Amino acid sequence: MSLQAVLLILYKYFKENWLRIILASGGIIIGVWSITLTSFLSLGLSEKIITAINSQSATKYIQVQKDESGANSFFEISGPPKFQRISPNSVKADTVNIDSVQEVAANSTFLSYLRTSSNDPIECVNNLYATLDQPDESQLIPGEQPINPQTAAENSDGCYLINQNYGSFENLYQANKTDWIGQETPPTANEVVACYQCNPSSPLFEELSLASPQELLGQTLTLEYVKTPIHEPAGSIFDVTNPGITEYNFEETQTFEVKVAAVIDDRDSSDGGFAGANNFFTSRAIQQQASIVTPESVDFDNAGFIAIDVFIDDFQSLDSTIEDLQDKNYLVSSAAQLFITAVQSLFLVVTIVLGLFGLIALIASIFGITNVMAISVLKRQKEIGILKALGARNWDILKIFFLESTLLGIVGWIIGTLVGYLSTLALSVSFERFVLSNDSWRNNLENFGITDFVLPINYVIILATFVIALIITSISGILPAIRASRQDPVQTLKN
Amino acid sequence: MSLISAIDLVKNYGTKKNPIKALGPVNFEIHSKSFTLILGKSGSGKSTLLNLLAGLDKSTSGSLIVQNKNLSTLSQRKLSKYRANIGIIFQFYNLLPNLNSIENVMMGSWAGGVEGTYEYAEQLLKDFGIDHRAKANVKTLSGGEKQRVAICRALVSQPEILFCDEPTGALDSTNERQVIKILQGLSQKGLTIIMVTHSQEFRSLADQIIYLKDGLITDHKNFNHQQIPQEEPNPNHPSSPNKVHRNPDEPLPLTNSVANNDNFNIDPKINL
């Protein structure tokens, strides 16, 4: 049978029965639509979340440690870890051949404090932590013990941790708009935003004898930046079960005069707002300038630290860099990687589970299509007989019915893919209309690099659904096609 | 040399243990360019014989030699090829309902993979006075028009033999006369026609009549048996190396059976 005859018969069949064909391919349509929609949505969401993570500088930061046992995975360590203190120089030497590593720095090198002074100077209750020298035990206040400066910062008077990173000024402002007093633009290098009673346990403002947040506005404060280095000899062991007592030396301070440009009145914590437990929000300029203070007497590069920070050039290098570091027997921690792995795994599971429903619909359609094709063969017995009488071979008849079955699958795939794509488009438009139109939400999302919800088209998924649809309809159509080809022309012409 | 030879041809239905005899044994010959009538009442086995001659069915035993091929031993594939190179007309037309007239005609060559041109199909429709209905769906045609489309379909592959199974059985008298005229004209042009019918009206057209009753030949009449010169087979014919390439314009000697002196002419405006 010539190709023209086959094409003509197929074309005429579809022209006459297009509605029936669409209905018969319903299972294919639903299956493909389901797989397309869930896959695009899952992959798109996963991509957006990873974009958000990647927008934060923390994704380029890895923390490395060494366990006494030499294990490069926390799972390989039995019992509490015993960290070997490592020096920045040793890590630099180990990472010199890892191109993605940009910088190596000791973790928790300093504990930084700001203490305030105004017209009435305020001193820390424990001058231990504000002076340059470490006094001996005879100078302690009776009953007082040397304690971890971290804890000291929360408990002592007048010594307050600097807020390291609150994201952007815009975030802080939008989140605390209703409590905001004063300047609504970011503080300059000589200004701070203060939070009145963000930290309820802090006596700062009692000490300043302020009756209200308004009185704080416009005040000039002297902030003393106190930096204390924490270091131990490299190679020594840090046992988490017995950390011991570390002695600190307060070596240098810097003083800054800053003006309170704005105040967050957080006395009423029930009205929302979020400023954390921070008292001051400074510009990075102050922080960066203060960080320049480096005690010259301490050889930090060769001192021992429990953890060293490794900064990489690009988030994309994260996985390979972690592998390279593990090869050198480092215990590697990356919050970003953990989170991203969790996100990707979660979405993969969701995609597979939801996609399975679509696959089940596709497989179930085998029975429907087989039935439809069997009925088609039954109804067209005479046509088969005529074609055979005109010289068509068994193979020609098989070809026609088999192609009809696969065309069912193609039609179903086209409609299912279109509907799936339009569904994702509808989701994108809805997101932009209902979420991005809200200023606060839009700003928050922009901070994480998310400006739209366009779901990418995954051509692998499209190709996969096409192949699956073809396979399913081929399986469905083969038996009826064989049956059609074996029809006796004499018997069929009698019908 | 005869075009068709049947030797002890038998066709049974049913099982080997309980066969139902439908035909045979029969023996006969059919010559090229002749008009052969197979007459018999319903159930006489004439349709069974035609199915065997047309390659639609295979005999249970015996030989059926057509164009030097024993149809009884041909494979299904070769039988298909044989069917592609013959023409066949049915009582109830057997046109493909989803196609229009010209598409049905073209299917006569396309189905068997035989060469046939669109222009030739159009010419056939024109010759038989239905070119104005070329694009019409066959469901909208009258019985006479349908049968003429069927005749065009049978002729599009330029067959050497035309099989007709009760071609006028479903037609009124007017259309019946038209079809008779067509077949008469085709016979005059040298086409070998084998027709199965229960009607006696075609007797005057036939060169040979085979009477069947209960599956057996009861009578066999040759009216104008003469040695008709056989053309040498044309090996260059695209459809079959054994097919005789016929020049339709070459006149053939008229026999007494074709006593109608009317020229072959179809009125295109048939009142249906």
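The values are calculated or read from the model by the stated rules, or taken from the named source; none is laboratory data. Just so you know, these numbers come straight off a predicted model, no measurement behind them. Because the Cβ atoms are built from the backbone with ideal geometry, glycine has one as well, and the counts that use them run over all protein chains shown. Just so you know, the surface numbers come from the protein's heavy atoms only, side chains and all, with ligands and any DNA or RNA stripped out. Shrake-Rupley method; radii C 1.70, N 1.55, O 1.52, S 1.80 Å.
The figures follow:
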item: Neighbours by Cβ (under 9 Å, 6+ apart or cross-chain): first from segment B:98-109, touching a residue at least 12 places away in the same chain (Cβ under 8 Å) and open to solvent by 10 Å² or more (accessible area, probe 1.4 Å); second of a type in the set (Gly, Ala, Ser) and not in a helix (DSSP H, G or I); result: B:100/B:134; B:100/B:136
item: Pairs where the first residue, in segment B:13-30, is at pLDDT below 85 and the second is among the charged types (D, E, K, R) and exposed (fewer than 10 other Cβ atoms within 10 Å of the Cβ), C-beta under 6 Å, 6+ apart; result: none
item: Hits in segment A:446-465 (condition: open to solvent by 60 Å² or more (accessible area, probe 1.4 Å) and not acidic (Asp, Glu)); result: A:448, A:451, A:454, A:457, A:459, A:460, A:463
item: So residue B:16, is it in a loop (DSSP other than H, G, I, E, B) and either more than 10 Å from chain A (Cβ to nearest Cβ) or open to solvent by 10 Å² or more (accessible area, probe 1.4 Å) (or both); result: yes
item: Criterion violated by residue B:56 - all others in (1) within 19 Å of residue B:162 (Cβ to Cβ); (2) touching a residue at least 60 places away in the same chain (Cβ under 8 Å) satisfied; result: (2)
item: Residue count for segment A:347-364, restricted to those that are within 20 Å of the chain's Cα centre (by Cα) and open to solvent by less than 90 Å² (accessible area, probe 1.4 Å); result: 4
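The rows are residues; the columns are (1) crowded, with 16+ Cβ neighbours inside 10 Å; (2) within 14 Å of another protein chain (Cβ to nearest Cβ); (3) of a type in the set (Lys, Arg); (4) within 52 Å of the chain's Cα centre (by Cα).
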{"residue": "A:375", "(1), (2), (3), (4)": "no, no, no, no"}
{"residue": "A:382", "(1), (2), (3), (4)": "yes, yes, yes, no"}
{"residue": "A:389", "(1), (2), (3), (4)": "yes, yes, no, no"}
{"residue": "A:399", "(1), (2), (3), (4)": "yes, yes, yes, yes"}
{"residue": "A:411", "(1), (2), (3), (4)": "yes, no, no, yes"}
{"residue": "A:423", "(1), (2), (3), (4)": "yes, no, no, yes"}
{"residue": "A:432", "(1), (2), (3), (4)": "no, no, no, yes"}
{"residue": "A:437", "(1), (2), (3), (4)": "no, no, no, yes"}
{"residue": "A:444", "(1), (2), (3), (4)": "yes, no, no, yes"}
